[in-house]
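Here is the structure we will look at.
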Amino acid sequence: MKEIGGYLEAEHFRGNELYPHAMKLNLGRTAAALYLKETGARRVWLPRFLCTSVTDALKKEEMELLFYGILPDFTPDEKDLPDRPMEEDECLFVVNFYGQIDNDRLLAMKKRWGNVFLDFTHSFFQEPPAGMPALMSVRKFFGVTDGAYLFAAEDISLPKEQDESHTRFAHVLGRYERNASEFYRQMLENAESYVGAEPKRMSALTENLMRGIDYEYAASVRNTNFGILDELLGAVNELKQKGILKTPEGGAFCYPLLIRDGSRIRKELAKENIYVPTYWRNVIDEMPQGSLEYRYASDILALPCDQRYGASEMKTVAEAVLRLIGEE
């Protein structure tokens, strides 16, 4: 019998999720593995510029993995890919890095290669093109500990087991009242707990929290902050100078700043309590130093521009960067 009475639990939100019709799963990597397995993919083409969490999840399903390079604008290097549509059991895995690939270009990839699966980890507010399967990560954009949306182009069944996240919220709640540095170890332990995770349904707690978010506000603030950083740092951003950088569709994930000696600048920023993550650390370890993938993983600074901040914080970040690279 369901309990009645007693102390109150976390509040139940009654708002709307941004993507109520998407399938709700626990993690982006498990969403990808589940969809590709259930739709019969046995051979998957992946970018070399990719974290091991995805490759490990697909290896676990005994899929054959082939790799391709990316071009400076983050799109697949066609010379590394078949000059034909994908076979029925074959799929091209495309990552929308920093939300820099718009839907028109994605549709062109579908037209050319047929079976394309989209990783929208960096583009939560960019709705995928109709008919193109895609995953979105919830915890990359909001203060939750699990969660992914899967846009499935074919009918697949959700896992029977539902994730539970109540034991993993200490670092999220702790940062609400204190500094992130106090809970950094717990954040890492939470991330490590997902190694080898099986596909599950999104936790009830995360699903509830996703009904309490002001999505219009979050997207607007992210884009405004992106614009402020671009105005202040565009002159030193190699992506901007090469005509590559653009405001992402919907809402920005971060402001990707490509500069020389990015690894050193990242460490110096941390000393000033400005934390910039190193994505794809495995790429730095595995790829040759002269490769584009190594350069991007090492020297792109994913500067925060999310809904927690405003113009004052963006100015602080920009001033610190300019001072450290000697441009101030």
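Some observations on this one:
The rows are residues; the columns are (1) in contact with a Lys or Arg (Cβ under 8 Å, 6 or more places away or on another chain); (2) under 26 Å from Glu127 (Cα atoms).
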{"site": "Lys246", "(1), (2)": "no, yes"}
{"site": "Glu249", "(1), (2)": "no, yes"}
{"site": "Ser263", "(1), (2)": "no, no"}
{"site": "Leu269", "(1), (2)": "no, no"}
{"site": "Glu272", "(1), (2)": "no, no"}
{"site": "Arg281", "(1), (2)": "no, no"}
{"site": "Tyr294", "(1), (2)": "no, no"}
{"site": "Cys305", "(1), (2)": "yes, yes"}
{"site": "Thr316", "(1), (2)": "no, no"}
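- Where Gln186 falls short, out of the listed (1) more than 23 Å from Lys271 (Cβ to Cβ); (2) free of Cβ contacts under 8 Å to residues at least 24 places away in the same chain: (1)
- When Glu177 is tested against (1) modelled with pLDDT under 95; (2) within 22 Å of the chain's Cα centre (by Cα), exactly one condition is not met: (2).
- Residue in segment 236-243 that is small (Gly, Ala, Ser), farther than 26 Å from Met187 by Cα and either open to solvent by 30 Å² or more (accessible area, probe 1.4 Å) or not in a helix (DSSP H, G or I) (or both) present: yes
- Residues located in segment 275-298, provided they are open to solvent by 20 Å² or more (accessible area, probe 1.4 Å), charged (D, E, K, R) and closer than 17 Å to Pro256 by Cα: Arg281, Arg295
- Against the criterion of being closer than 16 Å to Leu301 by Cβ and either under 19 Å from the mean Cα position of the chain (by Cα) or buried (at least 17 other Cβ atoms within 10 Å of the Cβ) (or both), Leu209 does not qualify.
- Selection count where residues are open to solvent by less than 20 Å² (accessible area, probe 1.4 Å) and farther than 18 Å from Lys200 by Cβ, scope segment 125-181: 9
- Matching strands (runs of 3 or more DSSP E) fully within segment 23-129 where at least 3 residues are of a type outside the set (A, V, I, L, M) and on the phi < 0 side of the Ramachandran plot: 43-47, 64-68, 90-95
- Segment 137-155, residues that are aliphatic (A, V, I, L, M), farther than 17 Å from Asn208 by Cα and either touching a Ser or Thr at 6+ places or on another chain (Cβ under 7 Å) or outside any loop (DSSP other than H, G, I, E, B) (or both): Leu150
- Set Lys110, Lys2: member being closer than 30 Å to Glu164 by Cα and either out of contact with any Lys or Arg (no Cβ under 6 Å at 6 or more places or on another chain) or open to solvent by 70 Å² or more (accessible area, probe 1.4 Å) (or both): Lys2
- Of the residues making up segment 5-64, just one is farther than 30 Å from Tyr294 by Cα, crowded, with 18+ Cβ neighbours inside 10 Å and among the polar types (S, T, N, Q), namely Thr39.
- Residue satisfying condition, being basic (Lys, Arg), in contact with a Gly (Cβ under 6 Å, 6 or more places away or on another chain), under 25 Å from His21 (Cβ atoms) and at pLDDT 95 or above, within set Arg105, Arg211, Arg201: Arg211
- Test result for Ala191, outside any loop (DSSP other than H, G, I, E, B), under 21 Å from the mean Cα position of the chain (by Cα) and buried (at least 17 other Cβ atoms within 10 Å of the Cβ): no
- Near pairs, Cβ below 9 angstrom, 6+ apart or cross-chain, from segment 247-269 (under 10 Å from Leu301 (Cα atoms) and open to solvent by less than 20 Å² (accessible area, probe 1.4 Å)) to any residue that is basic (Lys, Arg) and assigned to a helix (DSSP H, G or I): Cys254/Arg222; Leu257/Lys240; Leu258/Lys240; Leu258/Arg295; Gly262/Arg295
- Residue satisfying all of: in segment 87-107; without any contact (Cβ under 8 Å) to a residue 40 or more places away in the chain and of a type in the set (A, V, I, L, M, F, W, C); surrounded by the most Cβ atoms within 10 Å (Cβ to Cβ) among these: Ile101
- Residue within segment 257-269 that is touching a Pro at 6+ places or on another chain (Cβ under 9 Å) and under 27 Å from Ser53 (Cα atoms) present: yes
- Scanning segment 301-316 for residues that are open to solvent by 10 Å² or more (accessible area, probe 1.4 Å) and in contact with a strand residue (DSSP E or B) (Cβ under 9 Å, 6 or more places away or on another chain) yields a total of 1.
- Filtered residue count, segment 194-217, keeping only those that are touching a residue at least 12 places away in the same chain (Cβ under 8 Å) and part of a helix (DSSP H, G or I): 8
The values are calculated or read from the model by the stated rules, or taken from the named source; none is laboratory data. The structure presented is a predicted model; accordingly, all values stated were derived computationally and were not measured. Every residue, glycine among them, receives a Cβ derived from its backbone with ideal geometry; neighbour counts consider all protein chains shown. We work out accessible area using only protein heavy atoms, side chains counted, and drop any ligands, DNA or RNA first. Shrake-Rupley method; radii C 1.70, N 1.55, O 1.52, S 1.80 Å.
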